[in-house]
Amino acid sequence: MGAELNRLARRGWRVLHSIPLSNNVDVDHLLIGPGGVFSINTKHHHYKAVWVGDDAVKVDHGKPAPYARKSRAEAKRVVRVLEHYCDFPVPVEPELVFVGVTDLKVVATQLDVRVYQERQVSALAPLSGMLTTEQVEQVYHVARHRHRHRQA
């Protein structure tokens, strides 16, 4: 997953991995670029089929998991932190990325979380118009600084 995201660097995107938040929560990946900021929640379900509805995810027809709700909550926390340190609005979109699945079926009609398989994240590369190059660098600096501070 990290390698897929790192490929977006040549298109002006910055990537951070394993961003710690408070209460033992972390953001798997933070993608920052001209198209905004994406808080990426990665789920590994190798050789399984995944079904995504409006607010539930089922793996191999199992019990519903709250992945979408948790992804939204993570993105809201990221917004609060970034906007506290930036002097401009920082658009953060939640994203769920499934790694190693055999089938991904998205039947949601109201879902406000982007859903991809790991090979599909490159679709974000051409997005633009949300942040200037200077804003991308400022958000990246803030996120990276907070990342190092929390690790210490």
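Odds and ends about this structure:
- The mean accessible area for residues of the chain, using a 1.4 Å probe and ignoring ligands and nucleic acids, is 54 Å² per residue.
- Exposure ranking of Glu137, Glu95 by accessible area [1.4 Å probe, largest first]: Glu137, Glu95
- Cα gyration tensor, the range 69-152 - rounded (a/c under 1.5), prolate or oblate: prolate
- Given [x] 127; [y] 113; [z] 195, the label whose value is volume of the Cα convex hull per residue in Å³ derived from this model: [y]
- Relative contact order of the range 1-51, pairs being alpha-carbon contacts under 8 Å that are 6 or more residues apart, as %: 24 percent
- Dipole magnitude (debye, nearest 20) for the chain, charges at Cβ of Lys, Arg, Asp, Glu: 300 debye
- Zone of Lys58's modelled label, taken as backbone nitrogen in the range 82-107 under 17 Å from a point 7 Å along Cα→Cβ: 102-107
- Once the chain from Ala123 to His84 is taken as fully extended at 0.36 nm per residue, the excess over their C-alpha distance is 11.1 nm.
The values are calculated or read from the model by the stated rules, or taken from the named source; none is laboratory data. What you see is a predicted model; the values in this text were computed from it and never measured. Don't worry about glycine lacking a Cβ; one is built from the backbone with ideal geometry, like all the others, and counts go over all protein chains shown. Calculation scope for accessible area: heavy atoms of the full protein, side chains included, ligands and nucleic acids excluded. Shrake-Rupley method; radii C 1.70, N 1.55, O 1.52, S 1.80 Å.
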